[in-house]
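What follows is one structure encoded as structure tokens, with my remarks underneath.
Read-outs throughout are calculated quantities, based only on the coordinates presented, and are distinct from any laboratory measurement. Because the structure is a prediction, the values reported are computed rather than measured. A quick note on method: Cβ atoms are made from the backbone with ideal geometry, for glycine too, and the neighbour counts reach across all protein chains shown.
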Amino acid sequence: MVCRIAQLQYKEVIDISDGTRYGFVEDVELDPERGAIESIVVAGQSRFFGLLGREPDQVFPWSSIKRFGEDIILVEGRALRSRERTRR
């Protein structure tokens, strides 16, 4: 299956160990020297309808991705780290 980076935003990230649904891919981290994807980023959940901000983003390293499906990405284990959202 061929998948473009732009198509990743329509895939939901699910943990295969406990079935946790993290949400949809929002961003990817690239290594420009190798031309490879380092990790995928899932946006943090909104707090109280977005009025109180968001939880930190979840970052999943490429090594934790076990399988790509038509509309989901299966990962194993928790996110490597969470990162605070920066203002744009």
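Which value results for Rg/Rh of the range 1-77 when Rg is the Cα radius of gyration and Rh the Kirkwood radius based on the inverse mean 1/r? On the Cα set of the range 1-77, Rg over Rh gives 0.99. A straight chain from Leu30 to Val2 at 0.36 nm per residue would run longer than the Cα-Cα distance by 8.3 nm. Summarising the amide proton neighbourhood of Gly23: residues at separation of 5 or more, or on other chains, whose placed amide H is nearer than 5 Å comprise Val13.
Packing, as the average of other Cβ atoms within 10 Å across residues, places the peptides 17-24, 69-76 in the order 69-76, 17-24, highest first. Computing FRET efficiency as 1/(1 + (r/R0)^6) for Phe48 and Asp18, where r is the C-beta to C-beta distance and R0 is 35 Å, gives about 0.85. What share of Cα pairs, in percent, lie more than 15 angstrom apart in the range 37-76? Roughly 52 percent, once rounded to a whole number.
Amide H contacts of Gly44: Asp57, Gln58, each under 5 Å away and 5 or more positions distant or on a separate chain (H built 1.01 Å from N in the peptide plane; Pro and chain starts excluded).
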